[in-house]
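Take a look at the structure below.
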Amino acid sequence: IITLSDLECDYINARSCCSKLNKWVVPEVIGHAVVTVLMLISLHWFIFLLNLPVATWNIYRYIMVPSGNMGVFDPTEIHNRGQLKSHMKEAMIKLGFHLLCFFMYLYRLV
């Protein structure tokens with residue numbers, strides 16, 4: 001969110017912003033897929049069903065990157081067609097989701 005807002009305010013250029021964001025896409029996909037599979041294996045059905053759409057969305061977003069792009073975040077297209085606003089909205093939704101999951105995991109731990 002901070003990197004995207006820095007790009008929006010022109011504090012950093014699009015190439016450095018996208019390279020910073022793209023290096024975290026694969027670890028995010030792998031981490032979320034591992035957590036989802038672990039919830040399935042440990043039979044935590046509600047948490048599994050809560051994580052499944054987000055994991056599916058992350059995998060879909062990673063797979064559907066056009067062949068000429070730098071990654072999920074592409075510096076040539078981030079300002080086109082309102083992609084910056086949609087990436088910002090997606091980051092806020094993910095932040096809310098991870099905050100909700102944090103408190104759910106904390107409740108399950110106690």
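At a glance:
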| item | result |
| --- | --- |
| Check on Tyr107, surrounded by 12 or more Cβ atoms within 10 Å (Cβ to Cβ), of a type in the set (Ser, Thr, Tyr) and either part of a helix (DSSP H, G or I) or touching a Ser or Thr at 6+ places or on another chain (Cβ under 7 Å) (or both) | no |
| Restricting segment 73-102 to residues that are among the small types (Gly, Ala, Ser) and either surrounded by 13 or more Cβ atoms within 10 Å (Cβ to Cβ) or farther than 26 Å from Phe46 by Cβ (or both), the residue that is modelled with the lowest pLDDT | Gly82 |
| The one condition in (1) closer than 24 Å to Arg108 by Cβ; (2) in contact (Cβ under 8 Å) with a residue 12 or more places away in the chain that Trp57 fails to fulfil | (2) |
| Top-ranked residue in segment 53-72 [being touching a helix residue (DSSP H, G or I) at 6+ places or on another chain (Cβ under 7 Å) and farther than 18 Å from Ile93 by Cβ; ranked as least open to solvent (accessible area, probe 1.4 Å)] | Gly71 |
| Pick from segment 23-47, criterion open to solvent by less than 30 Å² (accessible area, probe 1.4 Å) and either touching a strand residue (DSSP E or B) at 6+ places or on another chain (Cβ under 6 Å) or not aliphatic (A, V, I, L, M) (or both), ranking: farthest from His98 (Cα to Cα) | Thr36 |
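The values are calculated or read from the model by the stated rules, or taken from the named source; none is laboratory data. Given the structure is predicted, the values throughout are model-derived calculations rather than measurements. No Cβ is skipped: glycine too gets one built from the backbone with ideal geometry, and neighbour counts run over all protein chains shown. Heavy atoms of the whole protein, side chains included, go into the accessibility calculation; ligands, DNA and RNA do not. Shrake-Rupley method; radii C 1.70, N 1.55, O 1.52, S 1.80 Å.
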